[in-house]
Amino acid sequence: MRGAQAMDGASKRDGAGRGRRWQRAVLGTLALAAIASPAIASGCVAGFDPPSLVSGLRVLAVVADKSYANPGDRVTFRIHYQDGLGGPEDGSRPVSVYWFGGCENPVGDDYYGCYAQLEGITSEIEAWVEQGDPTVPLPDLNGVRPGFGDTYTITISDDILAGRKAPTTGGPASGSAYVFFVACTGELGLVEDQGTGRAGTFPVACFKDGRRLGPDSFVPGYTQIYAFEGGRANANPEMQGLTLDGEPLPEDFADIPTVSRCRVSAEARREAGCSAEDPFVECDAYELNALVDPDTVAEDDPSAQQQALKEIVWVDYFADLGDLDGSIKLVSDANEGYIGDHAVKWIPPAEPGVATITAVLRDARGGSSVVQRRVRVE
């Protein structure tokens, strides 16, 4: 899954529609954005908030029901996001999700090759947003289909493979379709020109009371779907749930387990110095484990040319309260296959609340699945 980085720079709303140029690269790879680093500082090095901590608006995954598709297929996407500034008891901020699909095989096969197609419809996007009801669908505009809500569906064109050539390194010819998404806790608006750059900026940003919101409130991104000559397929890896110290975490909020707070404050957990206490020693640590079926978690990788290999599968762990001792665990290796030990340790926060734990299982070919559970901290 291709994902998002926040836009920066001071921009404001602009009524001009067409002729807009695009300036700064804003989109990247979410699936591999989280680095495999410890949540707490080790040794004498100062600590920082880890990538596994959900402290603002985060898009955790966009799951397609077909990560590889055939010409003419309908593909449905579901976005999974969390606003770390709220919670089940405090009330999260309302989040609006906008979609823009219809770009196939852009120049250079790069996501920003789609911007020329988007450039011609900025005035229509503005009118759509300002009509006050984004749930009212717009017709395709210059081949772009706007959408609104947590799910979105496109149809792969019948000619996505037309004129596509097989790579000289081997394998079948392929084409790709890009879908852009925007998660926003305010109101969507257009941006002004600002500077120059190779890729350019996305045409819209998130605003509230006339102020452009930052990355904790606005997440733009994209996802990419491949189509291969010969009908190559890729199923999403599946999870059966999450366990806490070996016990399944229930889906029903009324049945969630309760754990005790960790006495070490969030500030103390990030303290520098060799004398800083280790919260994973001072506090009760709980084992979190994603439940996966070893017989179905990884398919054979058809791109392997010399030997039979399995697709690479890993799990990303996220929490909006407490700390994890790691955020990424390998579940299937290309050579070894299934790896049974993919659990992480979690310590509760110092303050009471309801922690949301999320696991995203991903494969290296764009497949993914999401499981989310909660734990009460007292």
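The values are calculated or read from the model by the stated rules, or taken from the named source; none is laboratory data. Computed from a predicted model, the values in this text were never measured in an experiment. Methodologically, a virtual Cβ is constructed for each residue, glycine included, from the backbone with ideal geometry; neighbour enumeration extends over all protein chains shown. These area figures cover heavy atoms from the full protein model, side chains too; ligands, DNA and RNA do not enter into them. Shrake-Rupley method; radii C 1.70, N 1.55, O 1.52, S 1.80 Å.
The heavy atoms of residue 179 offer some 0 square angstrom of accessible surface to a 1.4 angstrom probe. Accessible area per residue (1.4 Å probe, heavy atoms of protein chains only) ranks 341, 333, 323 as 341, 333, 323, with the largest value leading. When peptides 325-331, 104-110, 356-362 are sorted by average Cβ neighbour count within 10 Å, with the highest value leading, the order is 356-362, 325-331, 104-110. In sequence order, region 366-372 has phi-based couplings of x, x, 7, 8, 10, 10, 10 Hz under the Karplus curve 6.51 cos²θ - 1.76 cosθ + 1.60, θ = phi - 60°, and Gly or Pro positions carry x. The protection proxy used here, the mean number of other Cβ atoms lying within 10 Å of each residue, ranks peptides 75-81, 364-370 as follows, highest first: 364-370, 75-81. Counting protein heavy atoms only, region 89-132 has 46 percent of its accessible area on carbon and sulfur, 1.4 angstrom probe.
Ligands, DNA and RNA are left out, and with a 1.4 angstrom probe the accessible area of region 254-378 is 45 Å² per residue. Amide H contacts of residue 320: 54, 356, each under 5 Å away and 5 or more positions distant or on a separate chain (H built 1.01 Å from N in the peptide plane; Pro and chain starts excluded).
Over 29 Å between Cα atoms, which of 208/329; 66/165; 66/345 qualify? From the list (208/329; 66/165; 66/345), the Cα-Cα distance tops 29 Å for 208/329; 66/345.
Summarise the accessible area of region 243-355 (1.4 Å probe, protein heavy atoms) by the percent that is carbon and sulfur. For region 243-355, the apolar C and S fraction of the accessible surface comes to 44 percent. Shape class of region 115-249 from the alpha-carbon gyration tensor: oblate, with a/c at 1.5 or above and b/c at least as large as a/b. Between residue 251 and residue 131, the modelled label-to-label distance comes to 3.5 nm, taking each label 7 Å out from Cα in the direction of the beta carbon. Available extension along the chain between residue 216 and residue 351 is 46.4 nm, counting 0.36 nm per residue and deducting the alpha carbon span.
Given a Förster distance of 56 angstrom, what is the FRET efficiency for residue 162 paired with residue 339, based on the Cβ-Cβ distance and rounded to 0.05? Given R0 = 56 Å and the Cβ-Cβ separation, E is 0.85. 3J(HN,Hα) along region 59-64: 8, 8, 6, 10, 9, 9 Hz, from the Karplus curve 6.51 cos²θ - 1.76 cosθ + 1.60 with θ = phi - 60°, whole Hz, x for Gly and Pro. Computed on protein heavy atoms with a 1.4 Å probe, the accessible areas place 208, 310 in the order 208, 310, largest first.
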